[in-house]
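Worksheet: one structure, shown below.
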Amino acid sequence: MKRNPNWPKRIICLTAETTEMAFALGAGERIVGVSGYSVRPPEARQKEKVAAFTSVRMEKIRELKPDLILGFSDLQKDILRDLVGEGFNVFVTNQRSLAEIGEALIAIGRLIGEASKAEEICKKFYSELEELASSARSRGRRPRVYFEEWDDPLISGISWVSELIEKFGGEDVFKEKSKGKVARERTVASEDVIRANPEVIIASWCGKKVQAEKIRNRPGWEKIEAVRTNQIYEIKSPDILAPGLSLLHGARKLAGILGAGEPVPSAVIEVDD
């Protein structure tokens, strides 16, 4: 299909999520800058690094002369304001649920002239999630699951993680908390986790490796069934805490942990591809 000359020709992606989406939509040749945290697809690593999550190299961005900058999350509001102030065209999404991930992809697809491709990718994304979930529906008892996004303070899982836990046959012990859009709304006390007595603990500490011993040795946690039976797992944060296409990697691992997909050995403290 012939590309409309008015569609963006020089795109900068400020996050891993937007980078993956733009590449998946076939806009790789038009991408001139990415976040330093972008690792997928591998070609993204060859692009100019222009941003961390909450900071940008403004001089480099000016030099690259983008006609569209894609951002994600309210946490980027300050740098997005500065970029708009510089006169750049900026589009930001703030997805927090499985449905909103698809909506973000569709919006970006339309914006860069790849609406049909976005629809196709969305269909495949949700189809795989449903395939992973299908075996869970035939199971009986649902294990109680505590997902830990951070260790100090304790922060429970965000909404798309909670949705996946429920979809794959688990019971999120802090399901109501997951509706909190900002981290402070999802903090939990150690006593709350002990009281909930999860049978499975899955941790993903953004930017650092999970320390299983630290989890086991928390005061009173020896009473928790997941600790007693050694059902403690890690899913790396880029696979489960980034609401974009990489979430499929985390979804496969989560499904395996909960028995709704390929099985993972019990008490594995890191679940890799």
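Every number in this text was worked out from the coordinates using simple rules, so none of it is lab data. All values derive from a computational prediction rather than experimental measurement. We place every Cβ from the backbone using ideal geometry, glycine too, and count neighbours over all the protein chains shown.
For the pair Arg10 and Glu103, the difference between a 0.36 nm per residue extended length and the Cα-Cα distance amounts to 31.2 nm.
Charged neighbours of Glu43, selected by a Cβ distance under 15 Å, balance to +2 (K, R count +1; D, E count -1).
Summarised in one figure, the compactness ratio Rg/Rh of the stretch 1-160, Cα atoms and Kirkwood Rh, is 1.03. Here's the picture: charge each Lys and Arg Cβ at +1 and each Asp and Glu Cβ at -1 in the stretch 1-54, and of Ala24, Pro8, Ser35 the one pushed furthest to the positive end of that dipole is Pro8.
Please compute the Kirkwood hydrodynamic radius over the stretch 170-236, one decimal place, Å, based on all pairs of different Cα atoms. Value: 12.7 Å, from the Cα pair sum. Residues whose amide H lies under 5 Å from that of Phe72, counting only those 5 or more places away or on a different chain, are Thr93; hydrogens are built 1.01 Å from N in the peptide plane.
Taking 0.36 nm per residue of sequence separation and removing the Cα-Cα distance, the Thr187/Arg45 pair yields an extension gain of 47.7 nm.
Over all orientations, the stretch 1-68 has a Cα convex hull whose mean projected area works out to 4.4 square nanometres. Each pair of Cα atoms in the chain enters the Kirkwood radius, and Stokes-Einstein at 25 °C and 0.890 mPa s then converts it into a translational diffusion coefficient of 125 µm²/s.
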